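Beneath this line is the structure, given in structure tokens, with notes to follow.
The values are calculated or read from the model by the stated rules, or taken from the named source; none is laboratory data. What you see is a predicted model; the values in this text were computed from it and never measured. Cβ: placed from backbone, ideal geometry, glycine included. Neighbour counts: every protein chain shown. Remember, those area values only see protein heavy atoms, side chains included, never the ligands or the DNA or RNA. Shrake-Rupley method; radii C 1.70, N 1.55, O 1.52, S 1.80 Å.
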Amino acid sequence: MPAFMEPFRIKAVEPIPFPSLRERRHALHEAGYNLFRVPARVITIDLLTDSGTSAMSAAQWAALMVGDESYAGARSYERFEAVVHELTGYPEVIPAHQGRSAERILLGQVLRPGDLSVANTHFDTTRASVEAAGAEAVDLPDAHDGPVPFGGDLSVPALRELLSGPDGSRVRCVVQTVTNNARGGQPVSLGNVAAVRELCDRHGVTLLLDASRFAENAYLITERDPVHAGRAPRDVAREVFALADGCWASLKKDGVANIGGLIALRDAELARRCREQLIAVEGFSTYGGLAGRDLDALAQGLQEVTDPDYLRYRAQTARWFGERLTEAGLPVLQPTGCHAVYVDAAVLLPHVPPHRLPATALANELYLAGAVRVSELGTLVFGRAAPGGGDDLPAPRELVRFALPRRVYTKSHLEYVAETAATVVAKAAEVPGYRIVEQTGQLRHFTAVLAPGEPAAPPARPAPDPTSPRPGPD
Ligand code: F0G
């Protein structure tokens, strides 16, 4: 038996482009050095996100054909509703076209101006929705120091202190993002959700899950918590859902489809208000901005995603890929989770200070080296303008995320990425920083225009020796 292999075979293929070095340089320049602005036609391996980039199964493609496009009460909705209800146990199921519309609608109904929403980490779009409701998003500090099995946990002492302090009465909801995407894709333990539930009960606060990666979180619980070893991930997921008052999710992740989102709740009155808002901005409450066929593909995907063989392959892929990137000389965050491998760009590029965007610098270099696209989760995404002007307040970490689309890339594709990474590591000391030329207030990373900074100073430390690099396509 190999260490692991893909638990599927390939039925339809899509060619991938191999742009030359000249084309890559030109594309990056034209894009204002922002990978979100680089067209996919000049990308060889696209690890920008695991969101909406999944390959659907034969059964999902078949499900598209039975999609019912009735405006109201479609059979597709009934199938979707039944699957979500069985999975979450929540009686109220509301489809939405993706995660950010679901969170905008739900948080808009839960929060009032001046309220606090407290989370292990709000994803960037979640934070934007909290702020749109006139409330404040509070991310609690890490619950644990160093590499631990459940690095996504919400800090219970910090929550307790906040709830019993002067701002305690402002806390309207607590959000557990499972897995914790902004902090290395680390899982949240069942014990942590239970402890948070208890505190929420004591203080009359609503507990919501951002369940976008609920299945991967459940699998990692079975892998890392001996108490839950050998359990079916679906049962563990149900137990997590049972502890909360409701959830929203981007189904572009663990729905294993290309579009979709949901809100699922216990509270019928809150659900009624969400539906009213949904109808105004998304569509009728039985399709929520989706086509009937999307709901059928999602219903099928939500059943496939908790398959233990598939989830084991996800975790094994991330672990194996993390090992290859470590061998290539990248500082990989450990332990790896499922949906991505995270690298600390500040460690690789100590000569690039936070306001010169080290994570962006590494991401851009990977593109130039081999048309590999990854995403920055550093100061460009999470930095904040300094109150008195001047350099931005840096993000807590300068992470680069190598996201793993579901069922899309094989081991040999990822080997190519590791080889590309080794060529970047070999000349890490020459990688330039960037400055922001144009930016918007919110979610600036999607549209910002950047320019490379001055050439970097001579190497501060010897670069690790790359293992037989294969140059990117020239
Ligand atoms: N919550 C989490 C934890 C997410 O990771 C995302 C999206 C959203 C909500 C918003 O969902 O994209 O369907 O509107 N994350 C993507 C990513 C964009 O690349 O991590 P959406």
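Of the accessible area of the range 147-278, with the probe set at 1.4 angstrom, what percent is carbon plus sulfur? Let's see the in-between values first.
Working: 2260 of 4400 Å².
Answer for the range 147-278: carbon and sulfur cover 51 percent of the accessible area.
If DNA, RNA and ligands are ignored and the probe is 1.4 Å, what is the ranking of T88, T326 by accessible area, most exposed first?
Numbers: T88 10, T326 70 Å².
Highest to lowest solvent-accessible surface, that is T326, T88.
To the nearest 0.05, what FRET efficiency results for A242 and E78 with a Förster distance of 25 Å applied to their C-beta separation? If you can, show how the numbers build up before the last one.
Details: r = 23 Å, r/R0 = 0.93.
After rounding, the FRET efficiency stands at 0.60.
Label points 7 Å out from Cα along the Cβ direction at E430 and E415: separation in nm?
The modelled label-to-label distance comes out at 2.8 nm.
Rounded if a/c is under 1.5, else prolate if a/b beats b/c, else oblate: with a ≥ b ≥ c from the C-alpha gyration tensor eigenvalues square-rooted, which is the range 58-304?
On the way: a/c = 2.09, a/b = 1.32, b/c = 1.59.
In terms of gyration-tensor shape, oblate.
Using +1 at the C-beta of Lys and Arg and -1 at the C-beta of Asp and Glu, which of V256, A132, T121 has the Cα lying farthest in the positive direction of the dipole of the chain?
Going by the Cα projections, it comes out as V256.
From the square roots a ≥ b ≥ c of the eigenvalues of the alpha-carbon gyration tensor of the range 336-425, which class results: rounded (a/c under 1.5), prolate (a/b over b/c), or oblate? Could the numbers behind the result be given before it?
Numbers: a/c = 2.79, a/b = 1.88, b/c = 1.49.
Here the range 336-425 falls in the prolate category.
Could you state the angle between the C-alpha long axis of helix 190-203 and the longest principal axis of the C-alpha atoms of the chain, as a value from 0 to 90 degrees rounded to the nearest 10?
Helix 190-203 sits roughly 50 degrees off the main axis of the chain.
Provide the FRET efficiency to the nearest 0.05 for the A59-H144 pair, computing r from the beta carbons and using R0 = 41 Å. Intermediate results must be reported in sequence, preceding the final value.
Numbers: r = 39 Å, r/R0 = 0.96.
For R0 = 41 Å, the calculated efficiency reads 0.55.
Treating only the Cβ of Lys, Arg, Asp and Glu as charged (+1, +1, -1, -1), what charge dipole size does the chain show about its Cα centre? Round to the nearest 20 debye.
Values: 48 positive and 57 negative charges, 104 e Å.
The calculated dipole for the chain is roughly 500 debye.
Would you mind checking the tilt of helix 292-304 against the longest principal axis of the Cα atoms of the chain, expressed as 0 to 90 degrees and rounded to 10?
Result, in degrees: 80.
Given +1 on the Cβ of Lys and Arg, -1 on the Cβ of Asp and Glu, and no further charges, what dipole in debye does the range 58-110 carry about its Cα centre, rounded to the nearest 20? Don't skip to the answer; put the middle values down first.
Details: 4 positive and 7 negative charges, 35 e Å.
About 160 debye.
Express in nm, to one decimal, how much length is gained between V408 and E30 on full extension, taking 0.36 nm for each residue of separation and deducting their alpha carbon distance. Kindly include the intermediate steps, with their values, before the conclusion.
Working: separation 378, 0.36 × 378 = 136.08 nm, distance 2.78 nm.
Going from the current span to full extension adds 133.3 nm.
So with the 1.4 Å probe, I'd like the accessible area per residue for the range 58-304, rounded to whole Å². Mind dumping the intermediate values first?
Numbers: 8940 Å² over 247 residues.
Normalised by residue count, the accessible surface of the range 58-304 is 36 Å².
Tabulate in residue order the Karplus-calculated ³J(HN,Hα) for the range 33-42, using 6.51 cos²θ - 1.76 cosθ + 1.60 with θ = phi - 60°, rounded to whole Hz; enter x for Gly and Pro.
Rounded to whole hertz, the list is 6, 10, 5, 5, 9, 8, x, 4, 5, 10.
For E161 and E198, what does the FRET efficiency come to when R0 = 22 Å and r is the distance between their Cβ atoms, rounded to the nearest 0.05?
On the way: r = 15 Å, r/R0 = 0.69.
The pair E161/E198 has a calculated efficiency of 0.90.
Distance between Cα centroids, the range 45-124 to the range 340-362: provide it in whole Å.
33 Å
In the range 113-143, whose amide N lies under 19 Å from the spot 7 Å out along Cα-to-Cβ of Q277? List them in ranges.
Label zone hits: 113-119, 122-138.
Let a ≥ b ≥ c be the square roots of the eigenvalues of the Cα gyration tensor of the chain; is it rounded (a/c under 1.5), or, if not, prolate (a/b larger than b/c) or oblate?
Cα axes put the chain in the prolate bin.
Angle check, please: helix 21-30 long axis (alpha carbons) against the longest principal axis of the chain (alpha carbons), in degrees 0 to 90, nearest 10.
Helix 21-30 sits at roughly 60 degrees to that axis.
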